Structure formats: structure tokens, C-alpha cells
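> One structure, pasted below without further comment.
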Amino acid sequence: MQLLTVDDLGQAREKIKERFGSHLLRCEKIPAADSLGRVLGEGVDARNNVPHFRRSTVDGYAVRAKDIQGASESIPALLTCIEEVVMGAEAQCTLTLGTCAYVPTGGMLPEGADAMVMVEYSEVFSGDEIAIYTSVAAGDGVVQIGEDFGEGERGLHRGTRIRAQEIGVMAALGIQEVSVYTTLKVAIISTGDELIPGNAPLEPGKIRDVNTSALAALAQEMGMAVVSQVLVPDVWESIEAAIAAAMAQADLVLISGGSSKGKKDMTEAIIDTVASEGVFTHGLALKPGKPTILGWDAPTATLFLGLPGHPVAAMMVFRLLMEWLEGEMYGQQPVVPITAKIATNVAGAPGRTTSVLVALRQEDGGCLAIPILGKSGLISILSRAYGYVLLDKNLEGVQAGDTVTVWPV
């Protein structure tokens, strides 16, 4: 009987980082408008103050705050309006004692003004005479020069995954082109005589291929580009040809199934045949996910990740290895986990890190993590999960009511 010689999760991660980590740090310049979902390879700095003039946050009157101290509905302050500032134009006047200027939301404050009064707290008496019915403090209703971003300030940091908000920041900073990390190209190979495409009729002994679609979606969710998806039977020549084709176009090759030590588990031997280093890890001290294979081909800088055939195990291993690597290399802050109380006793697996999928429920002002029990071949448990709890390999388990850390999936 052949047994797996396993690495723990930390060892496997470091081995991947040593071989493949620098591959993630290649950069390219692209238009900022096309950078949604990409990761910044360099920080972005403000070239000028944002805003570069004092802006009003309300429709109303620019005033000198000291001129209207004590103003109220019963005792208004009377000011003379000396300008109506046009939106998008420079204010022309300078406020002096007893004067004000009308400024629309987003408009420029004139010199001498230090606050805004909302138009609702004012009244036009006659001609240019304005009654102000409230007091304000200096700075009220005003965005100061450089309050959003000061000239030279770091606006966005390396490792930031660009969302719509970051596109907006770059537009405000006048950034037209950014340096981003190149997108990892992923090829997915699902192996198994029992697998059929999702649109094929079911036959006895056959099951629909889940992992190809699920892994492709997860890779895209992590910012990778899926360049090929192939379903092959448990035939050496078919798997070898699929792997060779994948090496020619992908940085990362995911091989689902065939990763254990059964009669038809050929992934390890084929990787040893086609890759320069071959397999450097076969077996993870992880539950589920023990029959995991890691391989490396130096000439093509291709990483091989042989995953268990069970969907839950395959997706969890992929996430725990590659999501960690991206965060490590890109300098990203990890996703903020949720602290919760575990609802039931959960046993650990001595010597193996245990991943427990959980649902969350609000209870007594906190969160309750409810373990979702089921075999790793059941895709339904993933769809019901909010996240997962990792039990350390040295932990016998947790008791109902213990505090646990829940990482979202």
C-alpha cells in the first residue's frame, strides 16, 4: 500500500512561493480606464492637490464666519452679496466686512470667505441685501485645498485590487495609465472516466463535471485568466497531451482528479515525465485535501497544481494555496475575518489542518458559526457556506460556544 508523504499547509505555501512567487510580480502598463479588477504593481501618487481650490459642499452663501456670529432667526445678520459665482469658473471677488457671495454646490469660494451658509438659512431682502439666520464656524460647508489628496500624497498603494472606486480616484488624480501585475493564465484539466460534460445525458456510473466550471469561476474571481478547459478520460496519453498543451499557454495548470495513489491516479507520474523538476509535493496535511500534488517546470515557469477530484476539496485547496500566494506577493491586506461562536462540537484531525465550512447566523448580538456537515464530494455544502474555519493541526477540536475565526469564501 502506497502512502502519501505530506507537507503541512505552511510548508506547501513556501515551496510554491519559492518557485512561482516572482512570476506574479511581472508588470505591464495599461490605460487606467481598462484596469478594473487588476492589481496595482506600483503606487499611484497625487500630482496636484485635490481639490486644487476651496469648494463648497452646499448651495448657499460664502461668508466670513466672524461676520455672522450670533445670527439667528430673531436677529439675522445682514450682508451684501457682491458676486454670484458661476459653476466651473473662478471666483472673482474678495470678501470684506459685511459682504458675501452666492456659490453653488461644488463651486469655488472667493478670497476672504472661510465658510458656507446653506441657502435654506438665508433670505433675499432687496437687491443685493441678504439676511442670514444662523451662525457657522470657519470651515463649515467647505472642502479645503488638498483635503481629498495633497500634492505628492500616495493615493493608491501597490497591491490594491482596482474596483470602481479606485477608477474614480485615478480619474480625480488625472492618472491615464497605470502599472498593474500581469494576469496569471490558468489552464484547467479535469480527469476521470466517470465525467461527462454538463449538457450530456446522464448514464449509470457517470456524473456531470463540476470542477472545471467551479475552478474556472474561482480563478476568475481571483483575477486570473482561464485560457483553456479540458475534460479527459483516465488515459495516460490523453492526460499527457492535455498537460503538454496547457504548458504551452498557461502559467498555472490545474489538474483535477488522479491525484491520489489508486490504480488510475496518474497525475504524479505524468508531471514527473513532462516537467523539469516534476512533483515537489504529494500530499497536504489538510482535511479535506490530502491528495494534493504540486509540480514545477523551470524552462516554462509553469506551476502544476494537482487537486482532489471532490469539488469541496479541490476548491478549498486552490483557495488556500493561491489566494494566500497572491496576498503574499502583492502585499495585499488579508480579507478581514469574522469572529463567531461555533454552534456545535467539531473534531479536528490530529496532524492535519482541518477546514470546516460554516454558515453564519446573528444571535444574541453576535455571530454563530454553524458547521455544514457533508462529504467532500457534495457540491451543495459549498453553496450553503458563508466561509470556513481552519482548525490547527495540533488542535483536537473545538467545543460548542468556543470563539472561532471565520474566513469568507
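> If residue 126 meets every condition in (1) free of Cβ contacts under 8 Å to residues at least 12 places away in the same chain; (2) surrounded by 13 or more Cβ atoms within 10 Å (Cβ to Cβ) apart from one, which number is that one?
Result: residue 126 fails condition (2) only.
> So which pairs qualify, if the first residue must be in the stretch 131-156 and assigned by TED's automatic domain parsing to the domain that holds residue 44 and closer than 18 Å to residue 116 by Cβ, the second must be modelled with pLDDT under 95 and not aromatic (Phe, Trp, Tyr), the Cβ gap must be under 6 Å, and the two must be at least 6 apart or on different chains?
Pairs found: none.
> Any residue in the stretch 187-201 that's touching a residue at least 12 places away in the same chain (Cβ under 8 Å): show its pairings with residues that are part of a strand (DSSP E or B) and charged (D, E, K, R) at Cβ separation under 7 Å, as long as the two are six or more apart or on different chains.
Correct list of pairs: 196/208; 198/208.
> Taking residue 27, is it at pLDDT 95 or above, surrounded by 13 or more Cβ atoms within 10 Å (Cβ to Cβ) and within 31 Å of the chain's Cα centre (by Cα)?
yes
Yes/no per residue for (1) among the hydroxyl-bearing types (Ser, Thr, Tyr); (2) part of a helix (DSSP H, G or I); (3) assigned by TED's automatic domain parsing to the domain that holds residue 290:
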{"residue": "15", "(1), (2), (3)": "no, yes, yes"}
{"residue": "21", "(1), (2), (3)": "no, yes, yes"}
{"residue": "33", "(1), (2), (3)": "no, yes, no"}
{"residue": "37", "(1), (2), (3)": "no, no, no"}
{"residue": "42", "(1), (2), (3)": "no, no, no"}
{"residue": "66", "(1), (2), (3)": "no, yes, no"}
{"residue": "74", "(1), (2), (3)": "yes, no, no"}
{"residue": "82", "(1), (2), (3)": "no, no, no"}
{"residue": "88", "(1), (2), (3)": "no, no, no"}
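> Look at residue 322 and say whether it is farther than 18 Å from residue 20 by Cβ and in the same structural domain as residue 14 (by TED's automatic domain parsing).
no
> Which is touching a Ser or Thr at 6+ places or on another chain (Cβ under 6 Å) and either over 18 Å from residue 137 (Cα atoms) or small (Gly, Ala, Ser) (or both), of 77, 71, 101, 91?
Of the residues listed, the single one that is touching a Ser or Thr at 6+ places or on another chain (Cβ under 6 Å) and either over 18 Å from residue 137 (Cα atoms) or small (Gly, Ala, Ser) (or both) is 71.
> Show me the strands (runs of 3 or more DSSP E) found entirely inside the stretch 104-150 where at least 2 residues are more than 30 Å from residue 47 (Cα to Cα) and modelled with pLDDT under 95.
none
> Any chance you could count how many residues in the stretch 368-409 are among the charged types (D, E, K, R) and at pLDDT 95 or above?
1
> A follow-up question, please. Search the stretch 70-94 for residues being surrounded by 11 or more Cβ atoms within 10 Å (Cβ to Cβ) and in contact (Cβ under 8 Å) with a residue 60 or more places away in the chain, and hand back the single one that is nearest to residue 110 (Cα to Cα).
Among them, the one singled out is 71.
> Something else about it: Out of the stretch 339-366, which residues are among the hydrophobic types (A, V, I, L, M, F, W, C) and either under 23 Å from the mean Cα position of the chain (by Cα) or on the phi > 0 side of the Ramachandran plot (or both)?
340, 356, 357, 358, 359, 360
> Scan 344, 405, 339 and give me the residue that is more than 22 Å from residue 290 (Cβ to Cβ), among the hydroxyl-bearing types (Ser, Thr, Tyr) and in a loop (DSSP other than H, G, I, E, B).
344
Rundown of residues vs (1) within 21 Å of residue 311 (Cα to Cα); (2) acidic (Asp, Glu); (3) not in a strand (DSSP E or B), yes/no style:
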{"position": "171", "(1), (2), (3)": "no, no, yes"}
{"position": "214", "(1), (2), (3)": "yes, no, yes"}
{"position": "226", "(1), (2), (3)": "yes, no, no"}
{"position": "230", "(1), (2), (3)": "yes, no, no"}
{"position": "238", "(1), (2), (3)": "no, no, yes"}
{"position": "249", "(1), (2), (3)": "no, no, yes"}
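The values are calculated or read from the model by the stated rules, or taken from the named source; none is laboratory data. Quantities reported herein were computed from a predicted structural model and do not represent experimental measurements. In this analysis, Cβ positions are derived from the backbone assuming ideal geometry, glycine residues included, and neighbour counts consider all displayed protein chains.
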